Amino acid sequence: MRRAVFLDRDGVLNEPIVRNGKPYPPGRPEDLVMCAGAPEALAELRRYGFSLVCVTNQPDIARGTISNDVVDDINARLVQTLPLDAIFVCRHDDADDCACRKPRPGLLLQAAAELGLDLDTSYLVGDRWRDIDAGAAAHCRTVLIDRGYDERASTMPADARVPSIAAAAAWIIADAALQK
């Protein structure tokens with residue numbers, strides 16, 4: 001079993017579109033902008049032996065405001081740019097009551113089963129309460145990239161609160177060394 005870093009997509013790997021204090025995903029592949037330092041941070045995590053898995057809620061598919069193809073195209077661009085092992089997508093909205101939509105841990109559990117990952121030695125990096133709650137529910141250590149969104153806090157405190165993906169990677173590497 002391998003250790004992993006689970007990474008939310010919008011706000012962690014790529015810049016979100018923020019309107020009225022709330023984050024939104026890019027609407028087209030050409031709107032995708034990587035977060036500063038993301039390629040280098042992920043390369044460093046890879047160098048330390050972590051599997052890198054994106055876990056992302058994309059409820060706009062269920063809402064009919066974006067197509068599966070557009071989400072798949074955006075994800076393909078991420079895979080071309082970043083050293084990701086896989087991307088797992090929840091395409092549901094809250095009303096669907098699925099097990100894969102964060103804050104439930106279904107995406108992490110699925111990824112762990114399919115890729116042979118040890119959740120107890122893994123981390124989740126997110127920018128929203130749903131990410132942190134999902135990581136905690138899956139028994140991962142959690143890192144919040146604090147972007148100051150206008151939304152409620154996580155029900156579980158993150159193990160670390162940082163300003164960027166680069167800071168998240170540095171914290172994970174240091175923390176993993178302490179956990180050995």
In the chain, what % of DSSP beta bridges are antiparallel (nearest 5)?
-> 15 percent
Out of I61, A113, I165, whose Cα points farthest toward the positive end of the dipole of the range 4-179 (charges: +1 Lys, Arg; -1 Asp, Glu; placed on Cβ)?
-> I165
Which residue, R152, R46, R161, has the most motion in a Gaussian network model of the chain that connects Cα atoms within less than 10 Å?
-> R152
Once phi is turned into θ = phi - 60°, what whole-Hz ³J(HN,Hα) does the Karplus curve with 6.51, -1.76 and 1.60 give for every residue of the range 153-161, x standing for Gly and Pro?
-> 7, 5, 6, 10, x, 5, 5, 8, 10
Say we join alpha carbon atoms closer than 10 Å with springs in a Gaussian network model of the chain; which of S67, S122, S51 then has the biggest fluctuation?
-> S67
Computed ³J(HN,Hα) along the range 7-21: with the Karplus parameters 6.51/-1.76/1.60, θ = phi - 60°, integer Hz and x for glycine or proline, the list is 10, 5, 8, 6, x, 10, 8, 10, 5, x, 9, 9, 10, 6, x
The answer for chymotrypsin sites (Phe, Trp or Tyr not before Pro) in the range 1-93 that fall in a DSSP coil and have at most 16 neighbouring Cβ atoms within 10 Å is Y48
Residue by residue through the range 100-113, which ³J(HN,Hα) values in whole Hz follow from phi under the Karplus form 6.51 cos²θ - 1.76 cosθ + 1.60 (θ = phi - 60°), with glycine and proline marked x?
-> 8, 7, 4, x, 6, x, x, 5, 5, 5, 4, 4, 4, 5
Quick one: which residues, 5 or more positions from I145 or on another chain, have an amide H under 5 Å from its amide H? H modelled 1.01 Å from N in the peptide plane, none for Pro or chain starts.
-> G126, D127, V162
Name the cysteines of the chain that stand alone by the Cβ rule: no other cysteine Cβ under 4.7 angstrom.
-> C35, C54, C98, C140
For the range 16-64 versus the range 110-180, the gap between their alpha-carbon centres in whole angstrom = 14 Å
Options (i) 16.0; (ii) 20.8; (iii) 16.7 are given for Kirkwood radius over Cα pairs in Å, and the computed one is (i)
Quick note, the range 88-180: a/c under 1.5 would make it rounded; otherwise a/b > b/c is prolate and the rest oblate (a ≥ b ≥ c, C-alpha gyration tensor); here it is oblate
Helix-derived mean residue ellipticity, 222 nm - over the chain, DSSP H n ≥ 4, -39500 (n - 2.57), to 500 = -10000 deg cm²/dmol
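Read-outs: derived from the displayed coordinates by stated rules, not from any lab. Quantities reported herein were computed from a predicted structural model and do not represent experimental measurements. Using ideal geometry, Cβ is built from the backbone for each residue, glycine included, and neighbour counts are taken over all protein chains shown.
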